[in-house]
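Student: The structure follows.
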Amino acid sequence: MTLGVYFDGFCPTREMLEVAQAAEQAGADSLWFAQHMGFREAIVWATAAVSVTSTIRLVPTAISPYLWPPLPVAMSMSTLAEYAGPRTSLAVSVGNVLNLAESGAEPVKPVRVMREYVQMLRALWAGEPVQADGEIHRLRGAKMMFERGIQCPLYVASTGPQVLKLAGEIGAGILLSGALTLDSCRSMLTHVDAGIAAAARDPKSVRKAGFILLSIAEDGHVARQEMLRKLAFLFRSKGHAANIATANLGIDHPAIMAAYARHEPEAALQYLPEAAATTFAVSGTPRECRDQLAAYLASGMDEPIVEVTGTPDQRRLAIELIRDVCGKAGGR
């Protein structure tokens, strides 16, 4: 079983580099760099991580076609591949609706746009001039002038049924976002399987990855309370409604959204029971986290991806957890 580590772009670059190096030494298989709007840039971070690692895979995620045209993305990833070698992958996604709106973008016809985006990126990496008339992007003979003929594996990130099915049809892998219940994960993976079957693909050819929120501390209560703050922030979006319903915890989702709309994040916490911290994420003591992570490993994912954040002691505990899990799975 492989295990990855992801970075949400919130911590300083120096801390990211320290964690990246420690994660590789602990046996992690991949590093994922989230492109959260207004925070650290994913492809730049992946490039920086090359300097402190040697074999671990590097995956900027999730680049949206509504914000980044295909040619600049192909150029950036090919530059990264020239520096890092064949250990680069890319995750693409429709993107966070709130972030898109803030940037003045509207996610029209997402299934068509995602299919065309993947096709354009692969055509550019093939090295020949590309002619394409897409819903939002058009290429008129654009071509790559270096690193031609080298394909970057493409993951498609989503939680929506149609794009998940598309991911199963055309992706080298799929990526689920964080803060999902186990029931949500299993349900979403059935849409991926439907896409794999529709395209008559070998199921083993499609990697199934997913972000798993992690909060670890010697005091399990402290770890869970920290996780509730992360969950409240994520649940400010209506996109989590169906996922929250699968938890059966009586969470007042509209009240959480209303609290954030009033700019009162602390008020949102009263609507999240402590059980939410272990229903939507992995949190608690090192032993508790190991047990909770095992359930995600058995949910159908073959590439769970955890975050490593917090105080230096919490990051140390998270790295020890990775070493323990990867060691049991045979490590690198």
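Student: Taking just the C-alpha trace of region 79-190, give me its Rg and Dmax in Å.
Tutor: 15.5, 46
Student: Based on the inverse mean of 1/r over its pairs of different Cα atoms, what is the Kirkwood hydrodynamic radius of region 54-111, in Å?
Tutor: Numbers: mean 1/r = 0.0793 Å⁻¹.
By the Kirkwood definition, the hydrodynamic radius is 12.6 Å.
Student: With no solvent and one equal point scatterer per Cα, compute the Debye intensity ratio I(q)/I(0) for region 194-264 at 0.12 Å⁻¹ and report its log10, rounded to two decimals.
Tutor: -0.54
Student: Tally Lys and Arg at +1 and Asp and Glu at -1 over the other residues with C-beta under 12 Å from the C-beta of residue 111: what net charge comes out?
Tutor: Working: positive: 109, 112, 115, 165; negative: 116, 135, 169.
Net charge around residue 111: +1.
Student: Same structure again: To one decimal place, what orientation-averaged projected area in nm² is obtained for the convex hull of the Cα set of region 173-218?
Tutor: On the way: hull surface 15.3 nm².
Approximately 3.8 nm², given one-decimal rounding.
Student: Of 139, 228, 53, whose Cα points farthest to the positive end of the dipole of the chain (charges on the beta-carbon: +1 Lys, Arg; -1 Asp, Glu; origin at the Cα centre)?
Tutor: Looking along the dipole axis, the top candidate is 139.
Student: Roughly what angle does helix 312-328 make with the longest principal axis of the chain, taking Cα atoms, 0 to 90 degrees, to the nearest 10?
Tutor: Taking Cα atoms only, the helix is inclined about 70 degrees.
Student: Any chance you could list P(r) for the chain, counting all Cα-Cα pairs in 20 angstrom bins from zero, rounded to whole %?
Tutor: Reading the bins upward from 0: 31, 60, 9.
Student: Give the dimensionless ratio obtained when the Cα radius of gyration of region 1-160 is divided by 2.2 N^0.38 Å.
Tutor: Details: Rg = 15.7 Å, N = 160, 2.2 N^0.38 = 15.1 Å.
Working it through for region 1-160, the quotient is 1.04.
Student: Same structure again: Under a 10 Å cutoff between Cα atoms, tell me which one of 163, 44, 94 has the largest fluctuation in the Gaussian network model of the chain.
Tutor: Evaluated over the chain, the most mobile residue of the options is 44.
Student: Hey, what's the per residue convex hull volume over the C-alpha atoms of region 181-318, in cubic angstrom? Please report the intermediate quantities before stating the final value.
Tutor: Numbers: hull volume 15.4 nm³, N = 138.
Given the Cα convex hull of region 181-318, per-residue volume reads 112 Å³.
Student: How high is the relative contact order of the chain? Use alpha-carbon pairs under 8 Å, at least six apart in sequence, and give a whole percent. Don't jump to the answer; show the numbers that get you there.
Tutor: On the way: 622 pairs, mean separation 61.8, N = 332.
Averaging sequence separation for qualifying contacts and normalising by length gives 19 percent for the chain.
Student: Another one. So which lysines can residue 208 reach, going by Cα to Cα under 16 Å and dropping same-chain residues fewer than 8 places off?
Tutor: By straight Cα distance, residue 208 reaches 165.
Student: Less than 12 Å apart at the alpha-carbon level, and either on another chain or at least 8 residues along: which aspartates and glutamates does that give for residue 109?
Tutor: 135
Student: Further, regarding this structure: Among 68, 125, 45, which one shows the highest mean-square fluctuation when the chain is modelled as a Gaussian network with alpha-carbon springs under 10 Å?
Tutor: Answer for the Gaussian network model of the chain: 68.
Student: Just to be sure I understand: with springs between alpha-carbon atoms less than 10 Å apart, which residue in 312, 161, 70 has the highest mean-square fluctuation in the Gaussian network model of the chain?
Tutor: Checking each option, the largest mean-square fluctuation is seen for 312.
Student: Kindly provide the trypsin sites (Lys or Arg not before Pro) of region 249-299 that DSSP labels as loop, not H, G, I, E or B, and whose Cβ sees at most 10 other Cβ atoms within 10 Å. Write down the numbers at each step before the final one.
Tutor: On the way: sites: 262, 287, 290; in loops: 262.
For trypsin sites (Lys or Arg not before Pro) across region 249-299 that sit outside H, G, I, E and B with at most 10 neighbouring Cβ atoms in 10 Å, the list reads 262.
Student: Quick check on the exposure proxy: order 30, 215 from fewest to most C-beta atoms within 10 angstrom.
Tutor: On the way: 30 21, 215 27.
Ascending Cβ contact count within 10 Å gives the list 30, 215.
Student: Now for a different question. Net charge around residue 78, counting only other residues with Cβ within less than 15 Å of its Cβ (Lys, Arg = +1; Asp, Glu = -1)? Spell out each step's value before the answer.
Tutor: Numbers: positive: 87, 122, 143, 148; negative: 82, 128, 147.
Taking every other residue near residue 78 into account, the sum is +1.
Student: Can you give the local net charge around residue 309? Use residues other than it whose beta-carbon is closer than 10 angstrom to its beta-carbon, Lys and Arg +1, Asp and Glu -1.
Tutor: Local net charge: -2.
Student: Classify region 266-325: rounded, prolate or oblate, from the alpha-carbon gyration tensor (a ≥ b ≥ c, eigenvalue square roots; a/c under 1.5 rounded; otherwise prolate if a/b is larger than b/c)? Write down the numbers at each step before the final one.
Tutor: Numbers: a/c = 2.18, a/b = 1.28, b/c = 1.70.
It comes out oblate by the Cα gyration axes.
Student: Across all directions of projection, what mean area in square nanometres is found for the Cα convex hull of region 80-120? Don't skip to the end; give the middle numbers.
Tutor: On the way: hull surface 16.1 nm².
Mean shadow area of the hull around the Cα atoms is 4.0 nm².
Student: Based on the alpha-carbon gyration tensor of region 140-194 and its eigenvalue square roots a ≥ b ≥ c, which shape applies: rounded if a/c is under 1.5, prolate if not and a/b is larger than b/c, or oblate?
Tutor: On the way: a/c = 3.20, a/b = 2.65, b/c = 1.21.
Prolate is the answer for region 140-194, as a/c is 1.5 or above and a/b outweighs b/c.
Bear in mind these aren't lab numbers, they're just calculated from the coordinates by the rules spelled out. Quantities reported herein were computed from a predicted structural model and do not represent experimental measurements. For neighbour counting, all protein chains shown are included, and Cβ atoms are generated from backbone atoms with ideal geometry for every residue, glycine included.
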